[in-house]
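Scroll down for the structure; my scribbles are underneath it.
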Amino acid sequence: MPFPIHINILDFIFKGILIGIIASAPMGPVGVLCVQRTLNKGRWYGFVTGVGAAVSDIFYAGVTGLGMSLVVDFVNNQQNRFYLQIIGSLLLLAFGIYTYRTDPTRNIRRSGTSKGTLVHNFLTAFLVTLSNPLIIFLFLACYAQFAFVLPNHPFEMCVGFMSIVAGALLWWFGLTWLVDKIRGKFDYNGIRLINQVIGWVVMICSVIMLFGTVTNLYRFF
């Protein structure tokens, strides 16, 4: 049975980029590590740290997408999709509140004096992110709200996953550029501020999406 939703590939790519940014933006352990390495080792060491996190994220993004695609009939049902979007909005709201209230500098550790190789910095960030499977719940929330899973459309899903990678890399590139430019003024307060701003943005967007879904005024498909 063909998927009943008309697919706009450019809109789908935009959704993927947005999901990649949402998954990468909170200043968790890897975000703090990226900032630390940018300040202590240089911008490209910080960026490859973000690349390692992005590669790990796409693994969990694929696992989540595969899991949702296995329940094709459930996802295709219009009423079920409505409830999934409601749940997705509430999960994103909870995630935004958690991000805002979390102090990412609480368990911060000072980096060593040795820079190490770019490959080493990449691998350590990859393993740190891979050790946190809770990101699957964030992908579930995003997929549900954005109606991102397209069963029986492997090409579109591949494009979507690549867009998630692009969004993640865009975030890490922009973050390391900003930190590198203001390295003389950037401190722990800057990390906390970024995290709080991200939390507020996610909360506001989730409320808008929840209101739009409930009132049928705003849809992401």
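Every number in this text was worked out from the coordinates using simple rules, so none of it is lab data. Owing to the predicted nature of the structure, the values given are computational and were not obtained by experimental measurement.
Residue-wise HN-Hα couplings along the stretch 49-58, as the Karplus relation 6.51 cos²θ - 1.76 cosθ + 1.60 with θ = phi - 60° gives them from phi, are 5, x, 4, x, 5, 5, 5, 5, 4, 5 Hz; Gly and Pro carry x. For Thr117 and Asp11, the difference between the fully extended length at 0.36 nm per residue and the C-alpha to C-alpha distance is 34.3 nm.
Working note: Karplus 6.51/-1.76/1.60 with θ = phi - 60° gives the stretch 190-197 the couplings x, 5, 4, 5, 4, 5, 5, 4 Hz, where Gly and Pro are set to x.
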